[in-house]
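Colleague: Handing you a structure now.
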Amino acid sequence: MLVSLVCDGIIAGVGGILTFLPNICILFFALAILEDSGYMSRVAYVMNDIMNRLGLSGRAFIPMILGFGCSVPAIMASRALEDKRDRYRTMLVTPFMSCSARLPIYILFSGMFFPHNAMIVAYSMYLIGIVVALAALKAMNLFSHEKKENDLLIELPEYKRPSAHTVYVYVWEKIKDYLSRAGTVIFAASILMWFILNFGPAGYGDMADSFGAIIGKAIVPFFAPIGLGYWQICLALIAGISAKEVVVSSFAVLFDGVNINSPAALAALASMMSQGGFTQLNAYCMMLFSLLYIPCAATIATIHAESHSWKWTAFSVCFQIAVAWVLTFVVYQIGSRIF
């Protein structure tokens with residue numbers, strides 16, 4: 001039991017997440033360059049006309065851009081918007097921006113099922129997130145009774161060469177936060193997932209008779225119409241609410257502690273899943289749903305802290321689940337008929 005906890009739970013969960021650290025470093029490095037060069041303020045100015053057509057000011061684009069790094073500071077950045085309606089709308093759509101925590105999910109599934117087009121498939125998630133966010137804003141503006149022009153007054157700093165020290169501090173703080181989550185939230189979630197998957201009504205035993213299997217099988221009917229009707233996938237998505245990286249660590253634990261660092265093991269797992277009916281379309285729907293469904297628990301808590309309303313927080317969560325399910329349903333149903 002102890003060997004299984006350490007190897008299949010802790011190492012498979014936390015160890016697998018740490019392998020994605022180089023990709024996360026590159027992402028935050030690029031964001032740090034954009035921010036410290038003075039370009040972010042110009043983004044707000046350039047995007048003002050476009051955002052006005054969506055009912056927001058150009059300032060709202062900055063939280064959305066920050067959402068590619070982490071949704072928590074992005075939601076907090078929405079407090080710079082003076083209008084309450086603008087703040088609420090921005091908080092509603094910012095989680096659609098693909099944060100760095102979702103990147104391991106894209107890398108895993110695109111690498112497994114789209115080995116020759118992994119980069120294009122993963123990049124499409126970022127584009128879809130932007131399109132969905134802008135479409136949601138456009139729909140809210142069309143159905144809004146209050147139409148107003150958003151004037152923008154903003155200071156444009158001079159362009160400058162990014163400071164190596166500033167970039168280093170920015171990247172290090174983000175990476176330190178990522179590592180702290182790997183050592184706390186993901187560590188705890190990996191142990192919890194191991195317990196749920198190895199204990200059942202009869203005690204310690206087979207995974208098929210565990211509490212996790214019972215929970216996963218109970219919610220399969222909800223996920224089946226969108227191509228995710230596998231109890232392991234369902235349970236991994238639920239675990240991902242604690243932190244999106246947990247989807248990958250849970251996936252590794254759920255499939256018999258598969259080594260997600262080994263290309264051979266991933267190829268064998270992809271072949272096994274394909275034989276069980278999990279195709280490229282299912283994998284794409286998995287990435288799409290992971291992009292759009294409930295943000296992590298920290299983001300939900302931040303939305304409540306900024307809005308001071310449990311009602312609005314609950315609405316935002318339900319809205320994101322609905323958008324994720326409907327869009328994934330459309331993609332899966334159309335795709336299954338074409339392919």
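Colleague: Would you be able to tell me the number of residues in region 125-143 that are crowded, with 19+ Cβ neighbours inside 10 Å and either more than 15 Å from residue 53 (Cβ to Cβ) or in contact with a strand residue (DSSP E or B) (Cβ under 9 Å, 6 or more places away or on another chain) (or both)?
Modeller: Matching residues across region 125-143 total 3.
Colleague: Step by step: first the residues of region 28-45, then only those that are surrounded by fewer than 19 Cβ atoms within 10 Å (Cβ to Cβ) and among the hydrophobic types (A, V, I, L, M, F, W, C), then the one that is modelled with the lowest pLDDT. Which residue is that?
Modeller: Per the criteria, the residue is 40.
Colleague: A further question follows. Please go through region 46-100 and pick out each residue that is farther than 23 Å from residue 311 by Cβ, surrounded by fewer than 20 Cβ atoms within 10 Å (Cβ to Cβ) and of a type in the set (D, E, K, R).
Modeller: Listed by number, the residues that qualify are 49, 53.
Colleague: Out of curiosity, is residue 41 under 20 Å from the mean Cα position of the chain (by Cα) and either among the small types (Gly, Ala, Ser) or not in a helix (DSSP H, G or I) (or both)?
Modeller: no
Colleague: With the structure loaded, tell me whether residue 189 is farther than 21 Å from residue 273 by Cβ and buried (at least 22 other Cβ atoms within 10 Å of the Cβ) or whether it fails that test.
Modeller: Criteria met by residue 189.
Colleague: Same structure, new question: Quick one: which of 188, 213 is in a helix (DSSP H, G or I), modelled with pLDDT under 85 and closer than 17 Å to residue 15 by Cβ?
Modeller: None of the others qualify; the one that does is 188.
Colleague: For region 102-119, indicate whether the set of residues that are within 26 Å of residue 39 (Cα to Cα), in contact with a helix residue (DSSP H, G or I) (Cβ under 8 Å, 6 or more places away or on another chain) and in contact (Cβ under 8 Å) with a residue 24 or more places away in the chain is non-empty.
Modeller: Looking through region 102-119, at least one residue is within 26 Å of residue 39 (Cα to Cα), in contact with a helix residue (DSSP H, G or I) (Cβ under 8 Å, 6 or more places away or on another chain) and in contact (Cβ under 8 Å) with a residue 24 or more places away in the chain.
Colleague: Restricting attention to region 150-183, which residues are surrounded by 13 or more Cβ atoms within 10 Å (Cβ to Cβ), at pLDDT 85 or above and not in a helix (DSSP H, G or I)?
Modeller: 162, 163
Colleague: Let me ask something else about it. Given the residues 319, 289, 339, which is the only one that is farther than 22 Å from residue 67 by Cα, touching a residue at least 12 places away in the same chain (Cβ under 8 Å) and aromatic (Phe, Trp, Tyr)?
Modeller: Being farther than 22 Å from residue 67 by Cα, touching a residue at least 12 places away in the same chain (Cβ under 8 Å) and aromatic (Phe, Trp, Tyr) holds for just one of 319, 289, 339, which is 339.
Colleague: If you check residue 327 against the conditions, is it buried (at least 18 other Cβ atoms within 10 Å of the Cβ), aliphatic (A, V, I, L, M) and part of a loop (DSSP other than H, G, I, E, B)?
Modeller: no
Colleague: Which one of these does residue 295 not meet: (1) surrounded by 21 or more Cβ atoms within 10 Å (Cβ to Cβ); (2) out of contact with any Lys or Arg (no Cβ under 7 Å at 6 or more places or on another chain); (3) over 30 Å from residue 116 (Cβ atoms); (4) modelled with pLDDT under 85?
Modeller: (4)
Colleague: Identify, by number, the condition in (1) over 19 Å from the mean Cα position of the chain (by Cα); (2) over 30 Å from residue 7 (Cβ atoms); (3) modelled with pLDDT of 85 or more that residue 145 doesn't meet.
Modeller: Residue 145 satisfies all of (1) over 19 Å from the mean Cα position of the chain (by Cα); (2) over 30 Å from residue 7 (Cβ atoms); (3) modelled with pLDDT of 85 or more except (3).
Colleague: Tally time: how many residues in region 238-257 are surrounded by fewer than 23 Cβ atoms within 10 Å (Cβ to Cβ) and part of a helix (DSSP H, G or I)?
Modeller: Qualifying residue count, region 238-257: 1.
The values are calculated or read from the model by the stated rules, or taken from the named source; none is laboratory data. Everything quoted here is computed from the prediction, not taken from an experiment. We place every Cβ from the backbone using ideal geometry, glycine too, and count neighbours over all the protein chains shown.
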